[in-house]
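One structure is given below, encoded as structure tokens.
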Amino acid sequence: QEQLVESGGDLVQPGGSLRLSCRASGVDIKIYGMGWYRQAPGQEREVVARLLMGDFTAYAGFAEGRFTISRDSATNTLYLQMNNLQPDDTAVYYCNTAPTPRWSWGQGTQVAVSS
């Protein structure tokens, strides 16, 4: 049974940076396309970034140039480096398979951007 545990969220000021982690257990994430998703209060969950087979990456428009998705196969961990964070980035961030999320959602990690 796969399990995903997200961490790294925090309260930061506009312009700040965070690195989110998604530790997977029960599954080897390097054989799957993986992605980061987010859900802001009152909104639908949306895709942020995808790391697909062949290490092809794809980003939502709001993430392009600011966020970087990566994977450490040795630790079975997915990362999201987020720079120049803005208040609109405030959300709970989740990881799951991509391009289609197929596993149970973890608890997510809260990112809050505010001055």
Counting only heavy atoms of protein chains, what accessible area per residue, in Å², does region 1-84 have with a probe of 1.4 Å? 53
DSSP loop (so not H, G, I, E, B), at most 13 other Cβ within 10 Å: list which GluC sites (Glu not before Pro) in region 13-115 pass both filters. GLU44, GLU64
Can you compute the equivalent ellipsoid semi-axes for the chain, i.e. the square root of 5 times each eigenvalue of the Cα gyration tensor, sorted largest first and rounded to whole Å? 22, 14, 13
Placing +1 on the Cβ of each Lys and Arg and -1 on the Cβ of each Asp and Glu in region 1-41, which of LEU4, GLY15, TYR32 has its Cα farthest towards the positive end of the resulting dipole? GLY15
Percent accessible area from carbon and sulfur atoms, region 3-115, protein chains only, probe 1.4 Å: 47
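The values are calculated or read from the model by the stated rules, or taken from the named source; none is laboratory data. Because the structure is a prediction, the values reported are computed rather than measured. Cβ: placed from backbone, ideal geometry, glycine included. Neighbour counts: every protein chain shown. Accessible surface is based on the protein model in full, side chains and every heavy atom, while ligands, DNA and RNA are left aside. Shrake-Rupley method; radii C 1.70, N 1.55, O 1.52, S 1.80 Å.
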